[in-house]
Ligand SMILES: NC(=O)c1ccc[n+]([C@@H]2O[C@H](COP(=O)([O-])OP(=O)(O)OC[C@H]3O[C@@H](n4cnc5c(N)ncnc54)[C@H](OP(=O)(O)O)[C@@H]3O)[C@@H](O)[C@H]2O)c1
């Protein structure tokens, strides 16, 4: 069966690698829709090559090239949702960055598409809303997971749970691995003064700028703990984080009998992307398995919450519930944007997120509007704090 893919965030790091996988397997995948933010030039090239039915951009460009006028074009903040809803799409690869992707996550699920999800911020900000839609879908269909994670750690856990899922065996603990980022061995004072060029030097992964900064502060791991909570219905106290600088083990699951399953591979996102796209099959990606004979040691250590306070903030926000994870995420998005435009040093990011969590009133999340309201409040607070 050919899978018809709507790709949201096609011009980004995950988006481009998704098209790389699709191009290797034209017999398996057809690109039904492409959506991006501002990079119209690259989107036009992609549209010429992959010939989607629908294409979208966050901002309407000055002009659509004559040869692409026949596509069904959509523009604006709703473009990602409209592309997710493209009728011919059976699957949505969601690789938009940031919680702006939440409406498209909900739309994809509500339209019955299988969601191949890289956009972790959706689950951090809207986990309870997404879980409610998923549980209504589970009542209607059996055996076909509505969401397959693309994030490498969650893909690893999803793969480790394949056998357990079919036997209804519950895992005991989820163990998320973290490379530790570029500042793993730095002193706290130096981390706090780090600048953009320091943070964008990730030791093992090539990724978009926002997630690379999140990896440097370890906010990425905090977001991933929350993402795992919603994807695998696991409480925070049974989700561990372990530092593993080689990034060979992408995450692990332990069971009641003391057995631990790990998923390994080269740090290349085409592997989890292809796994999600081809599920339940496996397809070639152009990525070789690690050469274990030459790898040397695989090492593990405890994360240091004194130097990386984002991890603590993530767990606190998750246990507080309500709008706290929204505030954590939105304040972080604003602070990372300020850091990337070189207005603040790295240490300010976690500080301002902690202040936002202390100041923005706690409320339950009952609707998308509750999430959006907390998002606006957190962004406004963060912008004001950082401009002062
Ligand atoms: N990169 C990785 O290796 C990796 C690994 C695990 C998880 N993830 C997750 O995957 C997601 C994407 O990461 P990335 O590294 O690929 O980011 P990225 O390189 O910055 O790409 C983001 C994509 O989203 C598009 N975009 C941004 N805002 C949009 C909006 N409002 N509407 C429509 N499109 C929008 C961008 O378009 P323009 O560029 O055209 O503006 C771009 O195509 C993130 O949630 C990240 O945490 C990434």
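Restricted to helices (runs of 4 or more DSSP H) entirely inside the range 287-388, those with at least 1 residues that are at pLDDT below 95 and farther than 22 Å from residue 122 by Cβ are 292-295, 368-387.
Does the range 160-168 include one or more residues that are touching a helix residue (DSSP H, G or I) at 6+ places or on another chain (Cβ under 9 Å), modelled with pLDDT of 95 or more and either buried (at least 24 other Cβ atoms within 10 Å of the Cβ) or assigned to a loop (DSSP other than H, G, I, E, B) (or both)? Checking the range 160-168: at least one residue is touching a helix residue (DSSP H, G or I) at 6+ places or on another chain (Cβ under 9 Å), modelled with pLDDT of 95 or more and either buried (at least 24 other Cβ atoms within 10 Å of the Cβ) or assigned to a loop (DSSP other than H, G, I, E, B) (or both). Here the condition is being within 12 Å of the ligand (Cβ to nearest atom), in contact (Cβ under 8 Å) with a residue 12 or more places away in the chain and buried (at least 22 other Cβ atoms within 10 Å of the Cβ); of 213, 225, it holds for 213 alone. How many residues, within the range 46-62, are assigned to a loop (DSSP other than H, G, I, E, B) and either farther than 14 Å from residue 23 by Cβ or away from the ligand (no atom under 15 Å from the Cβ) (or both)? So the answer is 7.
The set of residues in the range 83-105 that are surrounded by fewer than 20 Cβ atoms within 10 Å (Cβ to Cβ) and in contact with a strand residue (DSSP E or B) (Cβ under 6 Å, 6 or more places away or on another chain) comprises 88, 90. With respect to the stated conditions, residue 94 fails to be in contact with a helix residue (DSSP H, G or I) (Cβ under 7 Å, 6 or more places away or on another chain), within 19 Å of residue 233 (Cβ to Cβ) and touching a residue at least 24 places away in the same chain (Cβ under 8 Å). Among the residues of the range 1-45, which ones are within 9 Å of the ligand (Cβ to nearest atom), farther than 20 Å from residue 87 by Cα, in contact (Cβ under 8 Å) with a residue 24 or more places away in the chain and part of a loop (DSSP other than H, G, I, E, B)? Correct list: 11, 12, 37, 39.
Which one is nearest to residue 101 (Cα to Cα), of the residues in the range 63-74 that are touching a strand residue (DSSP E or B) at 6+ places or on another chain (Cβ under 9 Å) and more than 15 Å from the ligand (Cβ to nearest atom)?
Applying the first criterion (touching a strand residue (DSSP E or B) at 6+ places or on another chain (Cβ under 9 Å)) to the range 63-74 yields 64, 68, 71-74.
Checking which are more than 15 Å from the ligand (Cβ to nearest atom) leaves us with 64, 68, 71-72.
Details: 64: 24, 68: 25, 71: 23, 72: 21 Å.
By that ranking, first place goes to 72.
Of the numbered criteria (1) surrounded by fewer than 23 Cβ atoms within 10 Å (Cβ to Cβ); (2) touching a helix residue (DSSP H, G or I) at 6+ places or on another chain (Cβ under 7 Å); (3) without any contact (Cβ under 8 Å) to a residue 40 or more places away in the chain, the one residue 132 fails is (2).
Scanning the range 252-280 for residues that are without any contact (Cβ under 8 Å) to a residue 40 or more places away in the chain, assigned to a loop (DSSP other than H, G, I, E, B) and touching a helix residue (DSSP H, G or I) at 6+ places or on another chain (Cβ under 9 Å) yields a total of 3.
Filter the range 64-117 down to residues that are under 19 Å from residue 272 (Cβ atoms) and assigned to a loop (DSSP other than H, G, I, E, B) and give me whichever is farthest from the chain's Cα centre (by Cα). So the residue we want is 113.
The values are calculated or read from the model by the stated rules, or taken from the named source; none is laboratory data. Nothing here was measured: the structure is a model prediction, and the numbers come from that model. In this analysis, Cβ positions are derived from the backbone assuming ideal geometry, glycine residues included, and neighbour counts consider all displayed protein chains.
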